[in-house]
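K.L.:
Quick one: the structure is below, questions incoming.
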Amino acid sequence: MHFELTKEFIENLIEIINKKDDKKAAEIMAEMRAADIAELYDKLNIEQAKYLFLLLEDREKAADVLAELDDNDRARFLKVLPDEVIASKFIDHMDSDDAADVIADLPDERQEEVLQKIKDIDQAGDIVDLLAYDEDTAGGLMGKEIVTVNINDDVEHAIAEIRRQVDEVDDIYYVYVVDDDYILKGTISLTKLLLAAKGTKIKDIYNDDVIYVKADMKAEEVAKLSDKYDLVALPVVDEIGRLLGRITFDDLVDVMREEAEKDYQMMSGISEDVEHSDKIWRLIRARLPWLLVGLVGEIIGSKVLSAYEGQLASHAALAFFLPLIAAMGGNSGVQSASIVVQGLANGTISMGSTFKKILKELSVAMVNGLICAAILFAYNFFFSDSFALTVTVSVALFSVIIFASLFGTFVPLTLHKLKIDPAIATGPFITTSNDIFGLIIYMTIGGILFSLL
């Protein structure tokens, strides 16, 4: 059944917490799923959240709650918990990749203290291994919980090995086949193992067509690979092919979501990964740079207009359509840039197709420009006294849409080639640039056509 977090529920729970009704609070927590408890914690202050958490008797659920919390809430929560509680109530019951994420959120001096209090030495060793990898790489995403069989074993011995290992693995997506040096050779399905005749060797029935990633591969590339081949888990190997761990689909979904949020924020003119709960100064630092870029751009735009002051004085009606030209140019540029950035992100646009992509956007821009210019021409033809103005505005709009679309296509492709995140090309950058160039195009065309018509 789906749980809905309502205002009434929160108010009732806070009242229970204030009364210190441990029994009632524990009953409520026992009925909730880990993800729902994590969502609830975001609505409580730190003391209320700590009180509820310490009432959780199911330690696996407690560990899952911590894994479900977002980074800021988890860091805030860990700050008030003793090292012993973190080690015994969380780390001992978490998958190694989640445990490493938790440890990484702690200050350096606390990391060592918590690691020393973990009772499972193998778990502590796995966490230390994972902490050595950058969090944005395959090694930083992987967990050490994997099920393996030796290529030289027979099926009976392999099944016995799987039974021995399965206690440490929540979900078996693949059984990996390795040799005596732990080099990854392939995979084998449980079905094939169970149906194989007695005495059959693994090397005679395993699948050697396995997709794997190296530990230093970027997380974003790992997510793309998984999406391309519809994989629910990916094995991770070192430079010589030894199996290190696996990355499961839930971690890959997190990567995809984070990348999407990052691109969205950059397209909106936010230069850092921030959330509404961050401190004011961090939010200011993330937003201000592109606001300043926009401010400088509009100052330049005002200078451009001042250069055409005489023309505007002679043909004041031109000023009425300045917002329209600027808005249409900005929208066209952002549309083109957004499509290109999306294509670069999901790998559907290769650098070899740059010319073809620009040509395609030019075709789209010409059709869109003709339609919009025709509509504007019809409007001015019936409602304007000046034929020169009618022609000027329509021709300028057509020209600005074409320029903005090509500019919005070319800039992210160029940034991508220069190894710069193309997401910064959208939003404020494209809009401000197109405002400036759109004004120049508009006023130049106006000067020429008003002198001819």
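K.L.:
Return the only residue of 42, 36, 22 being under 26 Å from residue 94 (Cβ atoms), surrounded by fewer than 18 Cβ atoms within 10 Å (Cβ to Cβ), assigned by TED's automatic domain parsing to the domain that holds residue 74 and modelled with pLDDT under 85.
P.N.:
Exactly one residue qualifies, and that residue is 42.
K.L.:
Please determine, by comparing only the residues of region 28-47 that are under 14 Å from residue 78 (Cα atoms) and in a helix (DSSP H, G or I), which one is farthest from the chain's Cα centre (by Cα).
P.N.:
Among those that are under 14 Å from residue 78 (Cα atoms) and in a helix (DSSP H, G or I), it is 47.
K.L.:
Continuing with this model, one more query. Given the criteria in contact with a Lys or Arg (Cβ under 9 Å, 6 or more places away or on another chain), in the same structural domain as residue 82 (by TED's automatic domain parsing), of a type outside the set (S, T, N, Q) and touching a residue at least 12 places away in the same chain (Cβ under 8 Å), does residue 126 qualify?
P.N.:
It is true that residue 126 is in contact with a Lys or Arg (Cβ under 9 Å, 6 or more places away or on another chain), in the same structural domain as residue 82 (by TED's automatic domain parsing), of a type outside the set (S, T, N, Q) and touching a residue at least 12 places away in the same chain (Cβ under 8 Å).
K.L.:
Considering (1) among the polar types (S, T, N, Q); (2) in a helix (DSSP H, G or I); (3) modelled with pLDDT under 85, say which one residue 332 fails and leave the rest.
P.N.:
It is condition (3) that residue 332 fails.
K.L.:
Filter region 52-62 down to residues that are more than 18 Å from residue 94 (Cβ to Cβ) and in contact with an Asp or Glu (Cβ under 9 Å, 6 or more places away or on another chain), then give me how many there are.
P.N.:
Matching residues across region 52-62 total 1.
K.L.:
Counting only residues that are crowded, with 22+ Cβ neighbours inside 10 Å, touching a residue at least 60 places away in the same chain (Cβ under 8 Å) and under 28 Å from the mean Cα position of the chain (by Cα), give me the helices (runs of 4 or more DSSP H) lying completely in region 350-453 with at least 3 of them.
P.N.:
387-417, 428-452
K.L.:
Quick one: residue 6 ticks every box in (1) in contact (Cβ under 8 Å) with a residue 24 or more places away in the chain; (2) β-branched (Val, Ile, Thr); (3) exposed (fewer than 13 other Cβ atoms within 10 Å of the Cβ) except a single one, so which number is it?
P.N.:
Condition (1) is where residue 6 drops out.
K.L.:
Let me ask another. Answer yes or no as to whether residue 86 is touching a Lys or Arg at 6+ places or on another chain (Cβ under 7 Å) and assigned by TED's automatic domain parsing to the domain that holds residue 117.
P.N.:
Here the answer is no, as residue 86 does not meet what is asked.
K.L.:
Considering only region 218-246, state which residues are over 26 Å from residue 419 (Cα atoms) and in contact with a Gly (Cβ under 8 Å, 6 or more places away or on another chain).
P.N.:
The answer is 235, 244, 245, 246.
K.L.:
Here are some residues: 180, 167, 171. Which one is in a loop (DSSP other than H, G, I, E, B), of a type outside the set (Ser, Thr, Tyr) and closer than 27 Å to residue 101 by Cα?
P.N.:
Exactly one residue qualifies, and that residue is 171.
K.L.:
From the residues in region 168-190 that are aromatic (Phe, Trp, Tyr) and closer than 21 Å to residue 94 by Cα, which one is modelled with the highest pLDDT?
P.N.:
Only one residue fits best here, namely 174.
K.L.:
Let me ask something else. Restricting attention to region 288-305, does a residue exist that is surrounded by 12 or more Cβ atoms within 10 Å (Cβ to Cβ), out of contact with any Phe, Trp or Tyr (no Cβ under 7 Å at 6 or more places or on another chain), part of a helix (DSSP H, G or I) and modelled with pLDDT under 75?
P.N.:
Yes, that holds for at least one residue.
K.L.:
State yes or no: is residue 61 of a type in the set (Lys, Arg) and over 19 Å from residue 48 (Cα atoms)?
P.N.:
In short, no.
The values are calculated or read from the model by the stated rules, or taken from the named source; none is laboratory data. Not measured: the values here are computed from a predicted model. Cβ sites come from the backbone with ideal geometry, for glycine too, and all protein chains shown count toward neighbours.
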